[in-house]
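The values are calculated or read from the model by the stated rules, or taken from the named source; none is laboratory data. The shown structure was predicted, so the numbers you read here are calculated from the model rather than taken from an experiment. Here the Cβ positions follow ideal geometry from the backbone for every residue, glycine too, while neighbour counts run over all protein chains shown. For accessibility, only protein heavy atoms count, side chains too; no ligands or nucleic acids. Shrake-Rupley method; radii C 1.70, N 1.55, O 1.52, S 1.80 Å.
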Amino acid sequence: MVKEKKIDNQTLYLCSVCELGYLDRETAQKCEEWCKKTGTCSVEITKKAVYFPDPFKK
Ligand SMILES: [Zn+2]
């Protein structure tokens, strides 16, 4: 389930698996589906990420 996170008055959507954040829910959803299915992140998707958790974990 995609998580919402508010940072600086902006709502980001976080993939619940890799916890990268995206500006739109659709992309976060895609990332999450990909992460669950493959256990890795898709570069095509993660290049759209705008938020990176610290420490970054795969
Ligand atoms: Zn992900």
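Things worth noting here:
- Close contacts from the range 14-33, counting a first residue that is touching a residue at least 40 places away in the same chain (Cβ under 8 Å) and a second that is open to solvent by 10 Å² or more (accessible area, probe 1.4 Å) and more than 8 Å from the ligand (Cβ to nearest atom), with Cβ to Cβ under 7 Å and a gap of 6+ residues or different chains, come to Cys18/Lys58.
- As a summary of the residue check, Lys5 satisfies the conditions (1) touching a residue at least 40 places away in the same chain (Cβ under 8 Å); (2) open to solvent by 20 Å² or more (accessible area, probe 1.4 Å); (3) touching a helix residue (DSSP H, G or I) at 6+ places or on another chain (Cβ under 6 Å) except for the one numbered (3).
- The range 1-18, subset polar (S, T, N, Q) and assigned to a strand (DSSP E or B), residue modelled with the lowest pLDDT: Gln10
- Residues in the range 8-23 that are of a type outside the set (S, T, N, Q) and either open to solvent by 80 Å² or more (accessible area, probe 1.4 Å) or touching a Leu at 6+ places or on another chain (Cβ under 6 Å) (or both): Asp8, Gly21, Leu23.
- Leading residue by the ranking (least open to solvent (accessible area, probe 1.4 Å)) among those in the range 24-55 that are within 16 Å of Met1 (Cα to Cα) and more than 11 Å from the ligand (Cβ to nearest atom): Asp24
- Among the residues making up the range 19-58, those that are among the hydroxyl-bearing types (Ser, Thr, Tyr) and either in a strand (DSSP E or B) or touching a Cys at 6+ places or on another chain (Cβ under 6 Å) (or both) are Tyr22, Tyr51.
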